[in-house]
Every structure is written in C-alpha cells, then in structure tokens.
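The values are calculated or read from the model by the stated rules, or taken from the named source; none is laboratory data. Predicted, not measured: the structure shown is a model, and the values here were computed from it. As a convention, Cβ positions derive from the backbone with ideal geometry for all residues, glycine included, and neighbour counts pool all protein chains shown. SASA here: full protein model, heavy atoms, side chains in, ligands and nucleic acids out. Shrake-Rupley method; radii C 1.70, N 1.55, O 1.52, S 1.80 Å.
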Amino acid sequence: MIVKKLHETGVRSEHAYLAATASIGLSLLSWLTSSRNESLERADRWGIFVGEWAPTFFGLGLALANYEEREQPTPNAFPIQAIHAA
C-alpha cells in the first residue's frame, strides 16, 4: 500500500536508489564534519545514524522496482490479430 502510494505520487525506484547512494556519501560527510567539531564518539554516532538510511532506501527501491515491473502490461503470447491474419 505504501509502495503504491509512493508510485502514484511519482516516486520511482531510481529515486530511491539515488537517495540510498546519496545517504552513503552524506554519512561519510557527516562523520568527517562531526569528527572535526565534536568528539569521536559523537561523530561515529552521526555517521552510523545517517548510514542506516541506505539499506532502507535500497529496500524501498527494490519494492518500487517490483511494483513497476508488475504494473507493466504483459504481451499476449498469441495476439488475436495474429490468429485472424493467418
């Protein structure tokens, strides 16, 4: 149901994959920035927190990809036009 609603609003699997990839980069950036301004323990927590988003987005991307695949019409094995033409 959530996947259907996301798809209806225009979110596609590519968007989720892009968000997952961006969250990996954001995790590294967050860790580097925090390690300069805060204690190492807090920087590690920020990096891990943001890094946990990536699997969620990848999972959502897979769910959307499966939904998109099922939504596409499957061609008939024996189209009616081909039968009448013979």
| field | Inter-residue pairs, beta-carbon under 6 Å, first closer than 28 Å to Gly61 by Cα and in the range 21-40, second in a helix (DSSP H, G or I) and open to solvent by 90 Å² or more (accessible area, probe 1.4 Å), 6+ apart | value | Ser23/Trp53; Ser30/Trp46
| Segments classed as helices (runs of 4 or more DSSP H), wholly inside the chain, with at least 3 members that are surrounded by 16 or more Cβ atoms within 10 Å (Cβ to Cβ) and modelled with pLDDT under 90 | 13-37, 40-51
